[in-house]
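Contents: one structure, followed by commentary.
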Amino acid sequence: MSFFDKMKKGVTDAGSKAKTLVEVNKFRLNIQSLEAEIQERFKKIGQSVFESSSDEIGSEPTLDQKAKGNIVQFCQEIRSRQQEIVELNKKILELNHQKNCDKCGRLNQAEVKYCSECGHEFTQVVTIDVVAAQTTTESTMITCWKCHEPLSQNDRFCGKCGTSR
Ligand SMILES: [Zn+2]
Ligand SMILES: [Zn+2]
């Protein structure tokens, strides 16, 4: 690759990184508003319960059918928003070329085959472009003694061959 080509590539990389950041921020804002909507519904549930009690001191809430119906609806709305948040968080991870281990929850780079914390083998391995691979290499200094794959300071297993350090 010529110097000029490299320069052009650098510009495109910076552009796609900025685009990724915009996307990630958009998803984060979505999550924030969903969380606000969830809080609003928690309040409404509390209010429904309160309104079903009388002025009498020590009166217990008597949830009538209408109040129960409202609460059921609020619960459903909360759960669907929680599900949306899970999906959005997954998209953010994908954009950042990361994934969570199904077994221990540790954050791993998207392209690794084995979890760096527990050695769990991933069934789906994402192949990534050179740009992301380069940034991975730059931020690490240690390598796997067996396959020489670059490892992070706190990796306990090699992401490529699954060898324990
Ligand atoms: Zn793991
Ligand atoms: Zn290795």
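Within the stretch 144-159, residues that are polar (S, T, N, Q) reach partners that are part of a loop (DSSP other than H, G, I, E, B) and away from ligand 1 (no atom under 16 Å from the Cβ) with beta carbons closer than 7 Å, at six or more positions or on different chains, in the pairs SER152/THR140. Answer with yes or no whether VAL24 is assigned to a helix (DSSP H, G or I) and either among the β-branched types (Val, Ile, Thr) or at pLDDT below 90 (or both). For VAL24, the condition - assigned to a helix (DSSP H, G or I) and either among the β-branched types (Val, Ile, Thr) or at pLDDT below 90 (or both) - is met. Every test in (1) at pLDDT below 95; (2) hydroxyl-bearing (Ser, Thr, Tyr); (3) in the same structural domain as THR20 (by TED's automatic domain parsing) is passed by SER80 save one, and that test is (1).
The number of residues in the stretch 61-108 that are within 16 Å of ligand 1 (Cβ to nearest atom) and in a helix (DSSP H, G or I) comes to 1.
The values are calculated or read from the model by the stated rules, or taken from the named source; none is laboratory data. This is a predicted model, so every value here is computed, not measured. Using ideal geometry, Cβ is built from the backbone for each residue, glycine included, and neighbour counts are taken over all protein chains shown.
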